[in-house]
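Data first, discussion second: the structure below is written as structure tokens.
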Amino acid sequence: MMKSRIDTISERLVEHVARSAAGIRVSLEKISYIVGSKRAQRVYVLVENLGEKIALKHDNGVLYCGLCRKGPFTKRGLYLHLVRRHRYDIKQLIINEITQKRFDYNS
Ligand SMILES: [Zn+2]
């Protein structure tokens, strides 16, 4: 897979990872527009797993940022914090995951 393609896909997946982290529903259909229907399910799981890693959820439902520990946030607040402050960090995490899992984007 070409570097620029991974870059573009990762960039577009950032908001979906942020949604997942904040506990906002992630749309399989929208993921499918980005990566194609064949890979949508696998990428959906990747997005959900990453989202879980970058949010700290306390028992009382309060959310904190898993990347810088700021908070507490509402769902919407955490989503906005992640896309504004951690866009680049999240993009790099996605690139790492895609590269490690060897998704074949050329097929
Ligand atoms: Zn943060």
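At-a-glance table
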| read-out | value |
| --- | --- |
| Length gained when the stretch Leu80-Ser32 is fully extended (0.36 nm per residue, less Cα-Cα span) | 15.0 nm |
| Förster radius 22 Å - calculated FRET efficiency between Cys68 and Ile6, Cβ distance, rounded to 0.05 | 0.30 |
| Rounded to 10°, Cα long-axis angle of helix 3-22 versus longest principal axis of the chain | 30 |
| Å² of accessible area per residue within the chain, as computed with a 1.4 Å probe and no ligands counted | 61 |
| Lys, Arg +1 and Asp, Glu -1 on Cβ, resulting dipole of the chain about Cα centre, debye, nearest 20 | 160 |
| Cα-derived Rg to Rh of the chain, Kirkwood definition | 0.98 |
| Accessible surface of the chain [probe 1.4 Å, protein heavy atoms]: carbon and sulfur percent | 48 |
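The values are calculated or read from the model by the stated rules, or taken from the named source; none is laboratory data. The shown structure was predicted, so the numbers you read here are calculated from the model rather than taken from an experiment. All Cβ positions, even for glycine, are placed from backbone atoms using ideal geometry, and neighbour counts span all protein chains on display. Surface areas here come from the heavy atoms of the whole protein model, side chains and all, with no ligands, DNA or RNA. Shrake-Rupley method; radii C 1.70, N 1.55, O 1.52, S 1.80 Å.
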